[in-house]
Amino acid sequence: MTRDEIVQLFTERQKATVRRDAAAMASFHAVDGTLDSPMAGGIIQGRENIERVFEAWFKGFPDLVSTEHDLLVEGNRVVYISSLEGHDSGGFMGLPPTGKPFRVTMVFAGTVEHGEIAHAKTIYDFTGLLVQIGVLKAKPL
């Protein structure tokens, strides 16, 4: 794929995020692609499993807003930096909703092969997210 085609892929992916469309989000991944994510508890494989991760995000945070900051493309490697924010109004990971807001910066690093995301890793402060929504307690400094 060309750089412009990869940029277009991630533009369409961002549109699916705005729509909170888990199936569309998963469709950008290869059928046997992998996702390494704190939300998944590690590395998962397969488009169906990846779709479940997006479903959990969109269910737990129905007002989720994703803001793109940077998209870096080098060959078939991609780094995408965004901010995610919303409120725990849908119940995150099967827990009762707290109604509390959160904001985290997320880094997506991955590879694109044959027009699809073959491997992806998301990096963000999962513990900080849980503290912000009140699932974990932390004592401020």
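Any read-out appearing in this document is the output of simple, stated calculations on the displayed coordinates, not a laboratory observation. Everything numeric here is computed off the predicted structure, so don't read it as measured data. Here the Cβ is made from the backbone with ideal geometry for all residues, glycine too, and neighbour counts use every protein chain on show.
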Query raised in the report: Of the residues G33, G60, G86, which is in contact with a strand residue (DSSP E or B) (Cβ under 7 Å, 6 or more places away or on another chain), over 26 Å from E5 (Cα atoms) and either surrounded by fewer than 19 Cβ atoms within 10 Å (Cβ to Cβ) or touching a residue at least 12 places away in the same chain (Cβ under 8 Å) (or both)?
Result: G86
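For the condition of a type in the set (D, E) and touching a residue at least 60 places away in the same chain (Cβ under 8 Å), what is the one hit in E48, E113?
Working: E48 fails: touching a residue at least 60 places away in the same chain (Cβ under 8 Å).
Unique residue meeting the criteria: E113.
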Query raised in the report: Considering region 1-49 alone, what residues qualify as being of a type in the set (G, A, S) and under 26 Å from G94 (Cβ atoms)?
Result: A16, A22, A23, A24, A26, S27, G33, S37, A40, G41, G42, G46
Report summary line: Among G134, G91, G110, the single one that is surrounded by 13 or more Cβ atoms within 10 Å (Cβ to Cβ) and within 14 Å of the chain's Cα centre (by Cα) is G110
Report summary line: Quick count over region 17-27, residues being surrounded by fewer than 20 Cβ atoms within 10 Å (Cβ to Cβ) and closer than 17 Å to A118 by Cα, is 3
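Return the residues of region 36-57 that are among the charged types (D, E, K, R), surrounded by 14 or more Cβ atoms within 10 Å (Cβ to Cβ) and either out of contact with any strand residue (DSSP E or B) (no Cβ under 8 Å at 6 or more places or on another chain) or farther than 13 Å from A109 by Cα (or both); say none if nothing qualifies.
Correct list: R47, E51, R52, E55.
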Requested in this report: Could you name every one of the strands (runs of 3 or more DSSP E) located completely within region 69-141 that has at least 3 residues being hydrophobic (A, V, I, L, M, F, W, C) and touching a Gly at 6+ places or on another chain (Cβ under 8 Å)?
Outcome: 116-123
